[in-house]
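Okay, so here's the structure we're looking at.
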Amino acid sequence: MRLYTYIGNIMNIKKLHYCLLPFAALLTGCFDDSELEVDTRQYITYDLKALHYPNDLYLTGSDGTIELPSESTDEVDYQNYENVYGALDGWSTGYKIRLPLSGVETDIDEGTLAGNIVVYDVAAGKLLGEDKFISRVSAEREIEILPTEVLPESTSYILAVTAGVKDLDGVPLRKDYNYEQLAQGKVLDGEASSSDAIAQIAQNESLLKQVGVTNEVVYSAAFTTQSIMPVMEAGRALIPDDIALNDSFSHLTEIAVGGGGLSKYDTYGTTVTLPYYLESPTSVNDCKVLTLSGTQLTEEEKLAVRADPIGSCPALYSWWEDSAKGFVHGGNTALTKKSDQTVPVVIYAPKGWDGTPLPAAIFVHGITGWKESAATMVASITSRDGKKGRDRLVIAIDQPLHGSTKTDGGRGVDLDGDGILDITATSTDEFENKSVYLNLSSPLTLRDNQRQAVLDQLALRKALNNTSFIEKRVGTDNAEVSLIGHSLGGIVSTMVSEMSQNDSSKAGDEFKFTTVNLAVPGMGLTDIMLNSPLLSGEVVSEIKASTDVQLAVASMLGLYDESTDTPQEGLAAIDAYRLEDEEKVVKFENIVYDMVAPALLQATQTTVDGGDPANFTTEQANSAQPILLLEAVGNCGDGSTPECEVGVEYISDNVVVNSVEGIPLTGTEPLITHLGLDAITADITMSTDVIKGVIRVKSGGHGTYLFPYEGPVNEDGVPGSVNGHMGYLNESMAMQQEAVASFINSDGEYVNIINPVHVEGEVPPPVN
């Protein structure tokens, strides 16, 4: 079901809300007397045809996945966020649960929520402590339940609301009529699933009574979190044992770099062949995108691509499957390879390296970056120049769908053979588009771009074991390798680290990293994007500009009728109308966005859970894995004035936010908590244990580990010019790079802080 159809359904369901909109003249009918409830107490609706998520009454699919009413037809669009749950074997491990209130609109007394909204852990046989989740009522009159700790995968819970929740007049919530009938064991007319609901509600209430829930239960739902690790473990097991870099030292390609003889390192190129589990666009014959360069699209062709971007390039919206194109999940881990990709590799080596085996560090770049981004920090790693430690190699590949024509093109795609990348998320290129990777149009694709990125780095790690010029760890046949990730690379590296552990994950030592170094990562990807000062505007604009939103707006303005008009005609009509009255179009875009965003974002994050570091921390937090994390905290907050002095002070990370008020599982700080990291404020040496720590950096910003491009805050509350501040910022960069280098060179037992003035000494309080 497309958004413009969905809009019509919402209009029927929530007529009262739309009667209050200033655009009511465009909408029809409000409640009449026959629709009024006799009992005006507020309640949570319980409709077996439209249950609130999560609820395991939907977990009935014959393939082990959630079964939605929309899946009753043969053709189901799983790129559509409303249907994407049908590809999953459970619910989110950490996204907020939303329970809309119905009835008279009297404010809820939020002081009555504690103890009357409960979550029961079925396996443990006890209620979760009230510090494990937050309950509140939103401005949209929805009860929201937000976990403060990530829930374990494949684990069952019961969520319940009792009549102890009251409004400010002291009036308690009541049961929805349907819930009351089912709780009494009565079958609802025309509802085949009544017996399942009766059984679930009876079990819910029985178990809750056993643990002391005495107030009347007015709503309950059993739910099971989705599986995370089984598919990733299956993918890791498919990495070939004999994988290696494709060239020996004598056959490496030497790459000339700027600076000539002044360069502090040598640069080489080779390739590695990686198993790839997504479809790959190859030419204009199977993929047309708006960024096609040499083969220009006609205006009619452009309109056709806009009307159906997925149909115009299906490979760009693919996801992991089994051989029968079924969904892979905990009950079906038969992941099927779509191709082998031969991927360029860049190697940075000490000046004059002769091929003698050296230890290595893998560098993982961020969104819009490329493998050569490593060049900004390799000098601190490749040659120690008399500092404690050893020379080593830095090795990098491009993330999926990244690459630059300034080098070898990486993993970008030139569809028409003109030498210009038509598909790449790397910012150096004319047609850069980060949404080809951060693909909100297809949540399954976004998740599997993330999962593919993790497997790529694991495959590269394993390849180094079989590469002759990489030094072996003492007493093993496996390479001596550390891991460094920045931004999205830090996010991916968090998951790579988790998948490299050799405890219950059974990874084996062939994936082991001596140290793991994470620069400005975070967790809770959807809310990171929506709350990032740098990214949020782009993300919201992308959603508003999407075909579905534009056609919904056209429909609301009377410009498009799905039954008689083609999508191309609808888009042409809204384009023309925008020229006449853009202000009105923007208002309607905002209305549509506000209508669909809550469900869209919930579906997206639930899907992306499988590729979110929030679900990849347990093993490494409880192992002897040395971890060093860099966080950009600034020294004045988020950029608001007068807290921040313009031109003097530095704001916190404006790309990957440190934390978000009211969203406890989003940002860098919750990741720090889940990894169990301690604050590092000065030189630290561990003689009996490994270091698991975080350096909170006050100077610079998101990118300062690589290069100092973010100056003090400006009048707009964002990082300003570096002019006049380069010396100070270079100190901050040097401090961060030396901290990582010393950590790597000590095997995780020492961190050298050369400029502690740049390090925050206070630990921020947790955000709820």
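Each value in this text was obtained by applying a stated rule to the coordinates, not by laboratory testing. These numbers come from a predicted model, not from an experiment. Backbone-built Cβ (ideal geometry, glycine too); neighbour counts: all protein chains shown.
Label-to-label distance, Ser435 versus Thr60, with points set 7 angstrom from Cα along the beta-carbon direction: 3.7 nm. Evaluating 6.51 cos²θ - 1.76 cosθ + 1.60 at θ = phi - 60° for every residue in region 649-661, the Karplus couplings come out as 9, 10, 7, 6, 3, 9, 10, 9, 4, 5, 6, 10, 4 Hz, glycine and proline recorded as x.
How many angstrom separate the Cα center of region 58-98 from the Cα center of region 443-489? Their Cα centres are 32 Å away from one another.
Look at the alpha carbon pairs under 8 Å that are at least 6 residues apart: their mean separation over the length of region 42-226 gives a relative contact order of 29 percent. When each of the peptides 249-256, 360-367 is scored by the mean number of other C-beta atoms lying within 10 Å of its residues, the order from highest to lowest reads 360-367, 249-256. Placing a pseudo-label 7 Å from each Cα along the Cα-to-Cβ vector at Ala202 and Ser536 gives an inter-label distance of 4.8 nm.
For the chain, the longest principal axis of the C-alpha atoms and the axis of helix 488-500 are separated by about 90°. For the chain, the longest principal axis of the alpha carbon atoms and the long axis of helix 443-465 meet at an angle near 30°.
For Phe133, the residues whose amide H sits under 5 Å from its own are Thr148, ignoring neighbours fewer than 5 places away on the same chain, with H placed 1.01 Å from N.
Using 0.36 nm times the number of residues separating Thr356 and Ala315, minus their current alpha carbon distance, what extension gain do you get?
Length gained between Thr356 and Ala315: 10.6 nm.
Viscosity 1.002 mPa s, temperature 20 °C: what is the translational diffusion coefficient of region 50-92 from Stokes-Einstein with a Kirkwood Rh over Cα pairs, rounded to a whole number of µm²/s?
Answer from the Stokes-Einstein relation: 205 µm²/s.
Computed from the C-beta positions of Glu562 and Leu168, the FRET efficiency with R₀ = 45 Å rounds to 0.55.
Ranked by the mean number of other Cβ atoms within 10 Å per residue, highest first, peptides 344-352, 748-756 order as 344-352, 748-756.
Projected label points at Glu580 and Glu715, each 7 Å from Cα along the beta carbon direction, are separated by 3.9 nanometres. Converting phi to 3J(HN,Hα) with the Karplus coefficients 6.51, -1.76 and 1.60 and the offset θ = phi - 60°, region 510-526 yields 5, 10, 5, 10, 5, 9, 10, 10, 10, 9, 6, x, x, 9, x, 4, 5 Hz in sequence order, with x at every glycine or proline. With respect to the chain, whose longest principal axis is taken over its alpha-carbon atoms, helix 726-745 is tilted by about 80°. Entry note, region 301-437: relative contact order of 18 percent, from Cα contacts under 8 Å with a spacing of 6+ residues.
The shape of region 361-481 comes out prolate: with a ≥ b ≥ c from the C-alpha gyration tensor, a/c is at least 1.5 and a/b beats b/c.
When the alpha carbon gyration tensor of region 42-226 is reduced to an equivalent ellipsoid, its three semi-axes come out at 25, 19, 17 angstrom, largest first.
Backbone amide hydrogens, once placed in the peptide plane, bring Asp109 within less than 5 Å of Lys166, Asp167, Leu168, excluding anything fewer than 5 places away on its chain. Dipole orientation for region 42-226: of the candidates Pro152, Val137, Gln184, Gln184 has the Cα lying most toward the positive pole (charges on Cβ; Lys, Arg +1; Asp, Glu -1).
If the segment from Asp416 to Asn285 were pulled out straight at 0.36 nm per residue, it would be longer than the present Cα-Cα gap by 46.2 nm.
Quote the relative contact order of the chain in percent (integer), defining contacts as alpha-carbon pairs under 8 Å separated by 6+ residues. Worked out over the chain, it gives 11 percent. Each residue of region 555-572 is assigned a 3J(HN,Hα), and the resulting list reads 5, 5, 8, x, 9, 8, 10, 4, 6, 10, 10, 7, x, 4, 5, x, 5, 4 Hz, derived from the Karplus form 6.51 cos²θ - 1.76 cosθ + 1.60 (θ = phi - 60°), x at Gly and Pro.
Adding -39500 (n - 2.57) for every DSSP H run of four residues or longer, then dividing by how many residues the chain holds, sets the calculated 222 nm ellipticity at -8000 deg cm²/dmol.
Candidate cross-link partners of Lys186 among the lysines, defined by an alpha-carbon separation under 18 Å and a same-chain spacing of 8 or more, comprise Lys49, Lys175. Globularity index of the chain is 0.99 (Cα radius of gyration / 2.2 N^0.38 Å, N = number of residues). Annotation: Cα Rg of region 655-768 relative to the compact-globule expectation 2.2 N^0.38 Å equals 1.14. Beta bridges from DSSP with both residues in the chain: antiparallel share about 65 percent, rounded to the nearest 5. Were the residues from Ala624 through Asp678 laid out at 0.36 nm apart, the gain over their Cα-Cα distance would be 18.0 nm.
For Val218, the residues 5 or more places off, or on other chains, whose built amide H falls under 5 Å of its own are Val161, Thr162, Ala163.
Between region 174-222 and region 656-696, the C-alpha centres lie 43 angstrom from each other.
What FRET efficiency comes out for Asp322 versus Met726 if R0 is 60 angstrom and r is the Cβ-Cβ distance? Round to the nearest 0.05. Result of the calculation: an efficiency of 0.65. Taking R0 as 35 Å, what's the FRET efficiency between Thr476 and Ala599 from their Cβ-Cβ distance, rounded to 0.05? Approximately 0.10, to the nearest 0.05.
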